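Structure record follows, encoded as structure tokens.
Just so you know, all these numbers are worked out from the coordinates, no wet-lab data involved. Keep in mind that this is a model prediction, so the values were computed, not measured. Every residue, glycine as well, gets a Cβ built from its backbone with ideal geometry; the counts of neighbours run over all protein chains shown.
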Amino acid sequence: MERERKQSPADARRTLGRLLQAVLASRAEANSVFDILAVLQSEDQEEIQEAVRTCSRLFGAMLERGELFVGQLPSEDALRTGSRGATRKYKVWMRHRYNSCCNRLQELLAHPSFQVKELALRTLMKFVQLEGAQPLEKAQWEGHYLFPHTLFKAVVGGLLSPEEDHSLLISQFCQYMEYDDIRYHTMQAATSTTARITKQQTEVPIIFWNNAFALLSAVSLPHQECSVTSFYVKHAELSDKWKVTHLKEHRKAFQEMWLGFLKHKLPLSLYKKVLVAMHDSILPHLAQPTLMIDFLTSACDVGGAISLLALNGLFILIHKHNLEYPDFYQKLYGLLDPSIFHVKYRARFFHLADLFLSSSHLPAYLVAAFAKRLARLALTAPPEALLMALPFICNLLRRHPACRILVHRPQGPELDADPYNPDEVDPARSHALESCLWELQIFERDLKKKGSEPVPLEFIPARGLLGRQNDLCAQFFTLS
């Protein structure tokens, strides 16, 4: 299409409309397809959008009318030298033009204009639906499940770009994942794309990891088998022989997708995002949740908030899936350092630590070690930290009666002979249960000097070390 001057959007629409009608009306006008495809290369955003809409109508009609070649596509060179019939040559030729259109639409997913990106995505997904209904490959047997894998993998590959931030475009794509077949094939395509990108590039850009997480975290599986009935590609009837119709297969694909993603070294920012989603959005849908142990144990060694969140995942595996992880409480004990009172996630830390230590079956020496270590750390913590530390310690003593000896030891050691070893990394060897919580008396003295009022809690007085009526310990917990 020759254009000596820039056309207005209305002129471009009329010109493309005439070309479209000509191609659809007569095979003799097939070469006009080149003129339509040429506009996809325009530098004008509005012209590109008009060309995309025209291609959508053109190849949508071709797919519905069965005018694209079905089967292993011959090369165009073979088409020129072959002696097959005119109809076959036309369908092969038009199939090549369709492929050229799809390739250009995939390129447009990286266009600077979001409107162009979104329109290209919608058009590609329309072609996915039409190709699924009118497959361009031959069924290998009767009832064989056909899906346009090549086209769809290219779409997902375009979304998972290592060069462009596609988070907004991925959010638009999520509407298609409400369909069971699209969600299933998205998981498979994401798995293969991650494998391809990480194999091709030794240093994978963070943009890719962010795009991948945006897509993976948007995948949500149904909880019941009967829910796998909503398909984007329409079929006369669904077959039980198709993997895509079984929730078990969806869970396998979900697991392969996440394991394929998490086996790589991720940016620290993504570690946190993955671990926050682990509890509610990942572990419940895995076919074998315990396969996450390698990722979680590696994350435990990162430190800080990441280690804490990883322990939460391990805690779930231990209690819900019978995972054996004997180092769990030693890892948690190792997180107790002065920084816990200063980091922004301290509220989460105390919440999760309280959960981890809630079982009444924990040995007394272990609970005593946590109470003692936290009390020792609180000596140098900011005053407001006591509002978290003291109730936490008191809850431990309330739940575990065997540890009450820490505040009821009339014949206890002198303070300068405290048997507790704060440098011991193994709580079993810390000798905490042989000690006493003399630190609470220090808190009481300091708070009285500052005129602070501790948070009042119901109390039945204990005797011994902290047995005085109205002392600090008395106002924080009950030993009944």
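Numbers for the structure displayed
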quantity: Dimensions (Å) - the range 323-406, Cα atoms, principal axes, largest first; calculated: 33, 30, 17
quantity: Net dipole in debye of the range 333-417 [+1 Lys, Arg Cβ; -1 Asp, Glu Cβ; about Cα centre; nearest 20]; calculated: 220
quantity: Simple Cβ-charge dipole of the range 243-402, Lys/Arg +1 and Asp/Glu -1, about Cα centre, in debye nearest 20; calculated: 180
quantity: Translational D in µm²/s for the chain (Stokes-Einstein at 4 °C, 1.567 mPa s, Kirkwood Rh from C-alpha pairs); calculated: 47
quantity: The range 236-282-the range 159-192 distance, computed between alpha-carbon centres (Å); calculated: 12
quantity: For the range 278-372, average projected area of the Cα convex hull in nm²; calculated: 6.3
quantity: Average Cα contact separation per residue, the chain, under 8 Å, 6 or more apart, as relative contact order %; calculated: 8
quantity: C-alpha long axis of helix 268-277 to longest principal axis of the chain, angle in °; calculated: 80
quantity: Aspartates and glutamates with Cα under 14 Å of Lys234, excluding same-chain neighbours fewer than 8 positions away; calculated: Glu64, Glu131, Asp180, Asp181
quantity: Cα-centred dipole magnitude for the chain, charges only on beta-carbon of K, R (+1) and D, E (-1), debye, nearest 20; calculated: 860
quantity: Computed label-point distance, nm, for sites Ser269 and Glu64 using a 7 Å Cα→Cβ extension; calculated: 4.4
quantity: Dipole of the chain, positive end: most advanced residue of Pro289, Gln49, Phe59 [Cβ charges, Cα centre]; calculated: Phe59
quantity: Among the listed pairs Lys248/Lys272; Lys320/Lys344; Lys126/Lys153; Lys199/Lys265, those beyond 18 Å (Cα-Cα); calculated: Lys248/Lys272; Lys320/Lys344
quantity: In degrees, nearest ten, helix 386-399 long axis to first principal axis of the chain (Cα); calculated: 80
quantity: Rounded FRET efficiency, nearest 0.05, which uses the C-beta distance separating His223 from Glu76 and R0 of 51 Å; calculated: 0.55
quantity: Percent breakdown of C-alpha pair distances by 10 Å bin, ordered from the shortest bin, for the range 1-146; calculated: 11, 38, 35, 14, 2, 0
quantity: Positive-end residue, the chain charge dipole about Cα centroid, Cβ charges, pick of Ile197, His279, Phe370; calculated: Ile197
quantity: Tilt relative to the chain, helix 364-378 - C-alpha long axis, 0 to 90 degrees, to 10; calculated: 90
quantity: Dipole-positive endmost among Leu270, His235, His246 within the range 226-274 (Cβ charges, Cα centre); calculated: Leu270
quantity: Rg followed by Dmax, in Å, when the range 105-216 is reduced to its Cα trace; calculated: 14.4, 45
quantity: Neighbour net charge for His96 - beta-carbon separation under 14 angstrom, K R +1, D E -1; calculated: +4
